[in-house]
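Please treat every number below as a calculation from the coordinates, not as lab data. None of these values were measured; they are calculated from a predicted model. Using ideal geometry, Cβ is built from the backbone for each residue, glycine included, and neighbour counts are taken over all protein chains shown.
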Amino acid sequence: MAASKPLIKVAALCGSLRKGSYNRGLIRSAIELSKGIDGLHIDHIDIAPLPMLNTDLEVDGTYPPAVEAFRQKVKAADSILFASPEYNYSVTGPLKNAIDWASRPPNVWADKAAAIVSAGGGFGGGRSQYHLRQTGVFLDLHFINKPEFFLNAFQPPAKFDSDGNLIDASAKAILKQVLISLHAYTLRLQGKH
């Protein structure tokens, strides 16, 4: 009997707060696809409850309860999956806010593997991914390089159903490859491959 791979816990964050967003649909699809990948478990972490970053809310080295709960979930994860829509050529305000809260001392992003997926118009979120990668350098996040996942959600045929669920088989196949690559890279960074 073959031994199963070490369990990699992935924290998935969506930069859109809208329930029916296509990027949230990518997270739901990733969670479903991860059930077929030995040693991979994905939890969606909702960033909506986070207050806007304000260091006045930090009292005696503690954070507001919603922020502390979020930070602990990121800290407990082995790697991160970002679903990053593109707003004005960059990441969304809510996602940047979450990133900034978790970077407050001690930086709980440090030394984690990460991957980015995006759905949107035009370049499918490519510019937001570029900015997120730049931010990741300072955060000491280690992004996978391949495969890249940018999905033009508005080009026919339909990629999502009316509830924002991913229905495109080829996009699901690439998304699964992203997850497999994230799993393998996380194991490499942890010296467990």
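Using a 10 angstrom cutoff on alpha carbons, build the Gaussian network for the chain and name the most mobile of 118, 103, 16.
103
May I ask you to evaluate 6.51 cos²θ - 1.76 cosθ + 1.60, the Karplus curve with θ = phi - 60°, for each residue of the stretch 63-76 and list the ³J(HN,Hα) values in order in whole Hz, giving x for glycine and proline?
So the Karplus estimates, Gly and Pro as x, are 10, x, x, 5, 5, 4, 4, 4, 4, 5, 5, 5, 4, 6 Hz.
Would you mind telling me which residue in 74, 137, 59 has the biggest mean-square fluctuation in a Gaussian network model of the chain, where springs connect alpha carbons within a distance under 10 angstrom?
59
Over what distance in Å are the Cα centres of the stretch 77-103 and the stretch 29-68 separated?
11 Å
Put +1 on the Cβ of each Lys and Arg and -1 on the Cβ of each Asp and Glu in the stretch 8-173; which of 150, 70, 117 then has its Cα farthest toward the positive end of the dipole?
150
Of all chymotrypsin sites (Phe, Trp or Tyr not before Pro) in the stretch 30-130, which ones are in loop regions per DSSP and have a Cβ with at most 16 other Cβ atoms within 10 Å?
On the way: sites: 70, 82, 87, 89, 101, 109, 123, 130; in loops: 89, 109, 123.
Listed in order of number, the matching sites are 89, 123.
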